[in-house]
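Structure first, commentary second.
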Amino acid sequence: MPNSGPEGAGFQNSIHLPTNPMLTSLEKEEELARKKFLAHSNNADTWNSLRPYQQLILSLVEKYTLNEEQTLAFLIFADHHGRKYEMHEKLKPLRMILGGPGGAGKSQVFDAIREFYILLGHETQLKITAPTGLAANNVGGATIHAEASLRVEYATMHSGSKHGQACRTNLEEKWLSITAHISDEIYFLGVLDFAQMSQYLQLAKQVIEEDVILGNLDTLFAGDPAQLPAHNATSLYDHELVKSHTTRKLNGLMGYINRWLKEW
């Protein structure tokens, strides 16, 4: 990522301390965003030519005092949503990873995205999760294990029993209106749990195409691969997994994962 800030410190190794966005108003920040925009363009018509969702994005950048890299991450995610729902563009699902150590300001980006969805009236389309209860609480979300039913056995989830049907119905209801998924501390999740999450999201969203993953949702994963790896599990950046694209081991690995899920 490009460097930003007075010392040129990058997002990966800098600590961003924003002002409290609760101490301001969107109207105030929208006016500030408009003035800054006009200072660069020198043309009032340019601001007025922006679509409402684009003006909202710039206002939220000011409200949450996002730095350069936070702004870039927020713009990518928010503009993708705005283009689909205000401009009706047919876009492929967004696949995005936001890296950085604790304190780098990732949660500030989540807060800006959450308010963006709320102000558009789309709050029911966004789900925020994390692998642990503490991490989920820190981002105002829920655990991915609960939301994606990761502790329900594969055989149970696919069975025709009343319990299996109830599990599937519960899963589908949790994701019925969801079009975008943010998951923090994703590197705490092991390979098998990640694969199961993708399969269960496919089931929840009733996606049957084999070449589609993660329920066909817009997805933002965040975390720091330098932190502790997944507990008692193969990490997402395991050496054998990472080099599989050059050693042709990927198909074998996915076959193993699929067999494990079905036998679990």
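Among Asp111, Asp184, the order by Cβ neighbours within 10 angstrom, fewest to most, reads Asp111, Asp184.
For His122, project a label point 7 Å along Cα to C-beta. Then give me every residue of the range 63-79 with its amide nitrogen under 11 Å of that point. 77-79, by backbone N distance to the label point. Backbone phi angles across the range 138-150, fed through the Karplus curve with coefficients 6.51, -1.76 and 1.60 (θ = phi - 60°), yield HN-Hα couplings of 5, 10, x, x, 9, 6, 5, 5, 6, 5, 9, 6, 5 Hz in residue order; Gly and Pro are listed as x. Label-to-label distance, His158 versus Lys92, with points set 7 angstrom from Cα along the beta-carbon direction: 2.7 nm. Residues in the range 152-162 carry Karplus couplings, in order, of 8, 4, 4, 5, 5, 4, 9, 7, x, 6, 4 Hz; the curve used is 6.51 cos²θ - 1.76 cosθ + 1.60 with θ = phi - 60°, and Gly or Pro positions show x. Taking 0.36 nm per residue of sequence separation and removing the Cα-Cα distance, the Gln165/Asn216 pair yields an extension gain of 16.1 nm.
Taking the Cβ of Pro225 as the centre, find all other residues whose Cβ is under 15 Å away and add up their charges (Lys, Arg: +1; Asp, Glu: -1). After counting each charged neighbour, the total is -3. A full extension of the chain between Lys174 and Asn137 corresponds to an added length of 11.5 nm, given 0.36 nm per residue minus the alpha carbon distance.
Projected label points at Glu68 and Ala226, each 7 Å from Cα along the beta carbon direction, are separated by 1.9 nanometres. Each Cα pair under 8 Å and six or more residues apart adds its separation to the average, and for the range 120-207 the resulting relative contact order is 36 percent.
Each reported figure results from applying straightforward, stated rules to the coordinates on display, with no laboratory input. Being a predicted model, the structure only gives us computed values, none of them experimental. A quick note on method: Cβ atoms are made from the backbone with ideal geometry, for glycine too, and the neighbour counts reach across all protein chains shown.
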